[in-house]
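All remarks here apply to the structure that follows.
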Amino acid sequence: MSARSFTLNKERQGIITVLNNGNAVKLHDTVICEVVEWNKIKLNTNGWETSTTKRAMNRYFDLLRLPISVCQEKFQWYVYVNGQKLAYTDNMIVEVIR
């Protein structure tokens, strides 16, 4: 994945950097998604649970064709992974069945 292929299609999308040949993505100064093992992804907002962060995470998952999505319900973030709903916490590691 190249840095050019990773956009949010918004004028104010923040600074997005693809790291380690697509194994991580950084928004501003925070690594928001990182492959820590073949089938494990670490998620981190560093306290910035914003729509831009959520959109960047979901775009990354789409580009890698991962069965993960981040959503918000009543101000609480959730992660759907492999059909399972989990409460979001910073630095959580989710296991993906590919």
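The values are calculated or read from the model by the stated rules, or taken from the named source; none is laboratory data. These figures come from a predicted structure and were not determined experimentally. Quick reminder, even Gly has a Cβ in these numbers, built from the backbone with ideal geometry, and neighbours come from all protein chains shown.
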Original post:
Which of the residues belonging to the stretch 72-98 are over 17 Å from Asn46 (Cα atoms) and not aliphatic (A, V, I, L, M)?
Top reply: Glu73, Lys74, Tyr80, Asn82, Gly83, Gln84, Lys85, Glu95, Arg98
**OP:** Have a look at Ile97, Ile93, Ile41, Ile68 and point out the one that is touching a residue at least 24 places away in the same chain (Cβ under 8 Å) and either in contact with a Pro (Cβ under 9 Å, 6 or more places away or on another chain) or polar (S, T, N, Q) (or both).
**Re:** Ile97
Original post:
What residue, among those in the stretch 33-70 that are more than 16 Å from Val81 (Cα to Cα) and surrounded by 19 or more Cβ atoms within 10 Å (Cβ to Cβ), is nearest to the chain's Cα centre (by Cα)?
Top reply: Ala56
**OP:** Would you kindly identify the strands (runs of 3 or more DSSP E) lying entirely within the stretch 52-93 that contain at least 3 residues that are at pLDDT below 95 and under 22 Å from His28 (Cβ atoms)?
**Re:** none
